[in-house]
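The values are calculated or read from the model by the stated rules, or taken from the named source; none is laboratory data. Everything numeric here is computed off the predicted structure, so don't read it as measured data. Because the Cβ atoms are built from the backbone with ideal geometry, glycine has one as well, and the counts that use them run over all protein chains shown. Areas reflect the complete protein model, heavy atoms only, side chains present, ligands, DNA and RNA absent. Shrake-Rupley method; radii C 1.70, N 1.55, O 1.52, S 1.80 Å.
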Amino acid sequence: MERPIPRPDHAPAQEPVLTPGPAPRGAMPSAFPLSFGPSPFIFPPCRLMSTDRKSLEERAQMTDLERLRHSCAHVMATAILRLWPNAQFAYGPPVENGFYYDFDLPDHRITPDDFEKIEAEMKKVAKENQKFERRVLTRDEARALAESGRLGGLAERPGHRSVFKLDLLDKIPEGEEISCYQNGDFIDLCAGPHVNYTSKCKNVKLMSVSSSYYLGDDTKPQLQRVYGTAFPTPEELAQHLHNLEEAKKRDHRRIGREMQLFAVDDKVGQGLILWLPQGAIIRQQLQDFISEELRKTGYSQVFTPHIGKLDLYRTSGHFPYYQESQFAAIPERDQLQKLADDHCSCAELSAGLASGEIDGYLLKPMNCPHHIRIFAQSPKSYRDLPVRLAEFGTVYRWEQSGELGGMTRVRAFTQDDAHLFCTPDQVGAEIIGCLKLVKTVLTTLGMNDYRVRVSLRDPDSSKYVGDPANWDKAEEALRQAAVWLGVPFTEEPGEAAFYGPKIDFVVKDVIGREWQLGTVQVDYNLPERFDLEYIGADNARHRPVMIHRAPFGSMERFTGVLIEHFAGHFPAWLAPEQVRVLPISEKSEAFATDVCTRLQLDGRRATLDATPDKIGAKIRTAQLDRVPYMLVIGEKEAAAGAVSVRHAKRGDLGVRPVTEFLNDLAAEVAERRL
RNA sequence: GCCAGCUUAGCUCAGGGGUAGAGCAACGGUUUUGUAAACCGUCGGUCGUCGGUUCAAAUCCGACAGCUGGCUCCA
């Protein structure tokens, strides 16, 4: 899992760049400049997880619900063993929405069709009301049980050692207490805690089956994993299942299709988002909003191309270190032809591209090298700093096909990117500036349900680039900025990348998965690699500090999260269609057309529903299309020069003069009211 | 990439070795309508693609593509 940490003094070309090697999985390596780390910025499909081993004390702090679910995992294992006695269990923790157990079962593949059978067996185990009994073991006793196949089994299983339990046993540090839990015939290596009797494990439902690698490591054996959920009462279980159904209705993929916001077309390619006209409106509004804020806060907007020379990314380090996360390099046409004439092999081509003997281009995985070269276009004085370069820059990442899906896990995405070049003394103020921007935008959108992670350096380590005094200042600035934000935050020492500390914003999607949105990262490394400098007040050359920031990560992911946040009911300023004018009959159609035209002239996105439907049907259609404002117009309104206003969420708002409605809506849009 | 499940009309889905089904949408007509569904009719699919088994394949088998979930929130 640990990757070598690229240091500026390492020669990139000496790395074994051509051996594909295991792709980084799960927690992405956090070691690269801006970065292919667990940042969105950065890497779309990264979900968050901690890799620290929990202490026994921490484990004992399980909530009651977690304890119940953990016990349910044991009950499920018991049931599965009754059906397939040869199952080898690995581990079965409680997780956020339930529990799972990983096991190897060579003679049978579990499918959802088996759930009924397993659940029935689980109900029997619950009915038998077995007691969960804890026993402390010596390492030798535990080992003997595992050797006989007894651990994670209903009986001794000659010839079937408890292989995973043996391995897990080895992972328990010397001096830590080793214990097992028994319910009925089932004995499992387990730190606990558990509920007292299996009768508590009645309200259970198996949810899904999947595969997983042992320890999440794709070089280890592949196991089957069954997910389940459990609650103290049947009512809570039913409520949970109901909530899941409701959540599915807000899934951005479903709403995106219903509202025709975006599409993924397999003729274009997996993980490549097509913004449909309706979705493009939303994105354009968001970008306009962000750009407006950037102008107010002293950013300069730039544009850069979608590719750059390979050498640029050799210098930045992206190409050598993250090759497996990028689209393949594009060789120069002339050189390619020459190589073809020489009957050069693909291996030679790869090696040539890696070593630099063959020139080429790369679809850009990040915007920073381009921005760095913009900074370097002219000599800089300390008076020029900070330089803030912003771009809605589209970047391309090679994700494994199984990782792709929706707008949150894609292969091409547009970052609301910016790079700030400043003096070490300016870092604190710049960080605060970034956070203010984030807060402005998130507040405007009513998104208050997020948390923040502050990644700090490990004080005992010497692996970091840059002056420790500057790190201290930057870390303190990040911490203060997090406090100032006023949302829950955690400080995570040792989680900083080698090149600088950072702050990440984390939100949950409707299915409860956590995603990183934005990030603000301090970088002492890239200025070094690109030999950036400015002339200080002392007339000497100094190295600037860079800050990477993408408050929303990517427009794709952010829009996906927004769709779910609003369940498709966007505020008027974002809504693809803001107003639908609904004449009651043809008698009032002329006036309705007039109103619609006035709305359009006023800059509103308005349409007229001239179908022969009755008003109830028109309202229903507009409602299902999630149009925020409906204007009902009959003969009364036409006579009075008025409209009857109905809001999709707030219902009937009464009859108002046309001009009043026009002005109010214009103000609502201009102020970006929710 | 790997494992599992899935792919039938624009959408949601039923069916299933022997002439392809429903609702909604779309289109045409009748209705001139007051805050979440008027009525009648019409159109629409080589059942993801390719190959195999069979007298016969949407159905069974295989490959491929795509979609969905998962791939240590540690005994």
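FRET efficiency for the pair residue A:263 and residue A:650, taken as 1/(1 + (r/R0)^6) with r the Cβ-Cβ distance and R0 = 35 Å, rounds to 0.65. Per-residue ellipticity at 222 nm computed for chain A from its helices equals -10500 deg cm²/dmol, with DSSP H segments shorter than 4 residues left out and the rest contributing -39,500 (n - 2.57).
Across the range A:487-563, Cα-Cα distances exceeding 15 Å account for 67% of all pairs.
If the segment from residue A:246 to residue A:141 were pulled out straight at 0.36 nm per residue, it would be longer than the present Cα-Cα gap by 32.9 nm. State the Cα centre-to-centre distance between the range A:236-306 and the range A:149-193 in whole Å. With the range A:236-306 and the range A:149-193 each reduced to a Cα centre, they are spaced 47 Å.
Put the Cα centre of the range A:551-603 next to the Cα centre of the range A:456-529 and the gap is 39 Å. For chain A, the C-alpha radius of gyration divided by 2.2 N^0.38 Å, with N the number of residues, is 1.12. Taking amide H as placed 1.01 Å from N in the peptide plane, the amide H of residue A:643 sits under 5 Å from that of A:656, A:658, each at least 5 places away or on another chain. Computed on the range A:56-248, with alpha-carbon pairs under 8 angstrom and 6+ residues apart, the relative contact order is 27 percent. In this calculation the C-beta distance from residue A:429 to residue A:210 is compared with R0 = 56 Å, giving a FRET efficiency of 0.75. Length gained on full extension, residue A:347 to residue A:436: 27.1 nm, using 0.36 nm per residue less the C-alpha separation. Here each label is just a point 7 Å from Cα along the line to Cβ, and for residue A:309 and residue A:601 those points are 5.6 nm apart. Within a straight-line Cα-Cα reach of under 15 Å, residue A:171 can be paired with the following aspartates and glutamates, leaving aside sequence neighbours fewer than 8 residues apart in one chain: A:52, A:140.
Figure note: A:455, A:199 ranked by solvent-accessible area, largest first, 1.4 Å probe, ligands and nucleic acids not counted: A:199, A:455. Considering only Cα-Cα distances, which of the following residue pairs are longer than 19 Å: A:123/A:200; A:296/A:380; A:117/A:249; A:205/A:249; A:124/A:165? Where the Cα-Cα span goes over 19 Å, the pairs concerned are A:296/A:380; A:117/A:249; A:205/A:249; A:124/A:165.
Between residue A:376 and residue A:613, the simple spin-label model (points 7 angstrom out along Cα→Cβ) gives 5.9 nm. Around the amide H of residue A:276, modelled in the peptide plane, lie the amide H atoms of A:262, A:263, all under 5 Å away and 5 or more residues distant in sequence or on another chain. Simple point charges give the picture: +1 on the Cβ of Lys and Arg, -1 on the Cβ of Asp and Glu, and for chain A a dipole about the Cα centre of about 1420 debye. Accessible-area rank, largest first, for A:593, A:519: A:593, A:519, with all protein chains present and a 1.4 angstrom probe. Model label points for residue A:535 and residue A:671, set 7 angstrom from Cα along the Cα-to-Cβ axis, are 5.0 nm apart. Near the amide H of residue A:149, within less than 5 Å, lie the amide hydrogens of A:157, A:162, all on another chain or at least 5 residues away, with H placed in the peptide plane.
Derived value for the range A:92-199: Kirkwood hydrodynamic radius 15.2 Å. Basis is the mean of 1/r over every pair of different alpha-carbon atoms. Once the other residues with Cβ under 12 Å from the Cβ of residue A:656 are scored (Lys, Arg +1; Asp, Glu -1), what is the net sum? Summing Lys/Arg as +1 and Asp/Glu as -1 gives -3.
When you restrict to C-alpha pairs under 8 Å that are six or more residues apart and normalise by the size of chain A, the relative contact order lands at 13 percent.
Zone of residue A:218 (label point 7 Å along Cα→Cβ, backbone N under 17 Å): which residues in the range A:266-286? Once the point is set 7 Å along Cα→Cβ of residue A:218, A:271 turn out to lie under 17 Å by backbone N, inside the range A:266-286. The residues of chain A present an accessible area of 45 Å² per residue when probed at 1.4 Å with all protein chains retained. Per-residue Karplus couplings for the range A:384-392, computed as 6.51 cos²θ - 1.76 cosθ + 1.60 with θ equal to phi - 60°, are listed in order as 7, 8, x, 9, 10, 10, 10, 7, 7 Hz, Gly and Pro entered as x. Please give the FRET efficiency for residue A:458 paired with residue A:480, using the beta carbon to beta carbon distance and R0 = 22 Å, rounded to the nearest 0.05. That pair, residue A:458 with residue A:480, gives E of 0.60. Listed by chain and number, the aspartates and glutamates whose C-alpha is less than 14 Å from the C-alpha of residue A:649, apart from same-chain residues fewer than 8 away, are A:625. Full extension of the chain segment joining residue A:58 with residue A:636 gains 201.2 nm, where the gain is 0.36 nm per residue of separation less the Cα-Cα distance.
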